[in-house]
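Structure first, commentary second.
Laboratory data are not the source of any read-out in this text; all were calculated from the coordinates shown. As the structure is a computational prediction, the values presented were derived from the model and not from experiment. Here Cβ is always computed from backbone atoms with ideal geometry, including for glycine, and neighbour counts include all displayed protein chains.
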């Protein structure tokens, strides 16, 4: 079945699932996110208007079943779709779907075990969880304050298994490991991502790491980050992280880069005000630092519907110059 033909099947699936409820003892959930932004993007030379989804659109189905003895079977498939440009190309008015997360797993008192294409502990410790503007024009990743790429804060870990411990006195651990990437363009076996976190009601701290061997350049990539978040006076929160990356090229040239991110939010009723900043600091002599900051607000009409907007600046003097963005968007999560 082609990708363009799959979305109607997913949309129709609630009826199919209800019709087969007698054959399935667990719970099934079909869900989706839809988002569109309009932005003025100024790169110092040209100013353009952009209308984009920015990787927020998605549709998925998840299932869980009580297996008894404290065990629960879990599974899910999630696909990315573009809300702003919902086509499969070549003028065909069909939805284009690409894979995101997909897994089957088991959870219980021992923790959670998953196998498939999985979330990265590195990406989901701090990272995109600390950025209220993630998947918008205003986000920190790839704009100067957080790493991007499959082993930074983008994409998922294919052909992998993961294990997350239960929370024990505020501590938990999470590791994902690739057993076999022979059919995956990311390269060799032995890639991993891990984190250790301590969390209480008002604060958390974590240490995370990721490692990738590849048959492409860079041939080896490692990153370590530390970070944390604190909430105070109910309405305020401050979150930050520091990343240290090292990549080795095919010519055995090592490049080290440091990145930091700091964010503040103030929430009052349905409105959240956001201020964020950060910097990328490469060790190469011919590349200057990249500075990032963004200011904006999010207004939630409900738990599922929001409007957001703000301003972002990403400034690199020698490589890309300065990019300034003013953006406003709408998002709805349903299902």
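Side notes on the structure shown:
- The Rg/Rh ratio of the stretch 234-294, with both radii computed over alpha carbons and Rh defined as the Kirkwood radius, is 1.20.
- Residues 223, 40, arranged from fewest to most other Cβ atoms within 10 angstrom of their Cβ, appear as 40, 223.
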